[in-house]
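The structure appears below as structure tokens.
The values are calculated or read from the model by the stated rules, or taken from the named source; none is laboratory data. Remember, it's a predicted structure, so these values are computed and weren't measured experimentally. Heads up, the Cβs are rebuilt from the backbone with ideal geometry, glycines too, and the neighbour counts pull from every protein chain shown.
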Amino acid sequence: MRRRGINLNVLLVLTLLWGVAAQAQARQHLLPPSPAERAAFEKKLDPALMPAGASHRNIDPKQVFKLAGPDGTELTVAPVNFDVPRSNMSEPGRRTCGVYIVPAQGAAYFLDLISDDDADLGIQCWSVLSVRLARKQGEPADIVLVGSASLTTHSWRQDYVLHCGKDGIYKLSVD
């Protein structure tokens, strides 16, 4: 009888460990793309997806990541720093940031990190400083871009959160 109790305990512990291992494998990770993946990714980066008049586009290769899940690469993200002209031609252009999102399946799209309302207030994004994941229990991971934002009087670090909607499209919010 004692031996059977020990075997049940061992079986229970092994089952729990297997469940934890399976759950850990199902997590998403940010990884740098391989050279071949990067070349394929760069072919999908269409400047026409960016705001009209965007110039001086800069993509830091160290900030390009693929979101890998249990089924392989889900998407690739590439933060972009660029300049856009002001609507009033007498004013200089503004520096801003955005992000290319290239799903493993489907067309690439672009999100500007600074909304038109923020731009009207004079807020600028100078660069994306880091990219990380934020996990919520039982939900897909959010991608957090930490940017260097500024007004004429001061600057700060701003979190921009990419959250996958039910339709599979990533939406941007400011945290």
All positions within region 152-175 that are over 15 Å from Val99 (Cβ atoms) and in contact with a strand residue (DSSP E or B) (Cβ under 8 Å, 6 or more places away or on another chain):
Ser155, Trp156, Arg157, Gly165, Gly168
Index of the failed condition, Asp116 passing every other in (1) without any contact (Cβ under 8 Å) to a residue 60 or more places away in the chain; (2) more than 24 Å from Gly72 (Cβ to Cβ); (3) touching a Ser or Thr at 6+ places or on another chain (Cβ under 7 Å); (4) not aliphatic (A, V, I, L, M):
(3)
Among (1) touching a residue at least 60 places away in the same chain (Cβ under 8 Å); (2) in a strand (DSSP E or B); (3) of a type outside the set (Phe, Trp, Tyr), where does Gly168 come up short?
(2)
Within region 136-151, can one find any residue that is polar (S, T, N, Q), within 24 Å of Ala48 (Cβ to Cβ) and surrounded by 15 or more Cβ atoms within 10 Å (Cβ to Cβ)?
no
Would you check if Gln158 is over 17 Å from Phe65 (Cα atoms), surrounded by 12 or more Cβ atoms within 10 Å (Cβ to Cβ) and modelled with pLDDT of 85 or more?
yes
Identify all residues within region 110-135 that are among the aromatic types (Phe, Trp, Tyr) and surrounded by 15 or more Cβ atoms within 10 Å (Cβ to Cβ); write none if there are none.
Phe110
Determine if region 26-48 includes at least one residue that is of a type in the set (Gly, Ala, Ser), modelled with pLDDT under 85, assigned to a loop (DSSP other than H, G, I, E, B) and under 19 Å from Arg135 (Cβ atoms).
yes
Quick check: is even one residue across region 117-130 within 16 Å of the chain's Cα centre (by Cα) and assigned to a loop (DSSP other than H, G, I, E, B)?
no
Of the residues that make up region 91-99, is at least one more than 22 Å from Ser155 (Cβ to Cβ) and in contact with a Pro (Cβ under 8 Å, 6 or more places away or on another chain)?
no
Restricting the search to region 49-80, which residues are farther than 25 Å from Ser150 by Cβ and without any contact (Cβ under 8 Å) to a residue 24 or more places away in the chain?
Asp71
When the residues of region 90-109 are narrowed to those that are among the hydroxyl-bearing types (Ser, Thr, Tyr) and at pLDDT 85 or above, which ends up surrounded by the most Cβ atoms within 10 Å (Cβ to Cβ)?
Tyr100
Contact list please: Cβ distance under 6 Å, first residue in region 126-141 and at negative phi, second residue of a type in the set (Lys, Arg) and assigned to a strand (DSSP E or B), pairs at least six apart or on different chains.
Trp126/Arg95
Please give the number of the condition Glu74 fails out of (1) in contact with a Leu (Cβ under 6 Å, 6 or more places away or on another chain); (2) modelled with pLDDT under 75.
(2)
Of the residues in region 81-103, those that are without any contact (Cβ under 8 Å) to a residue 40 or more places away in the chain and within 17 Å of Asp46 (Cβ to Cβ) come to Phe82, Val84
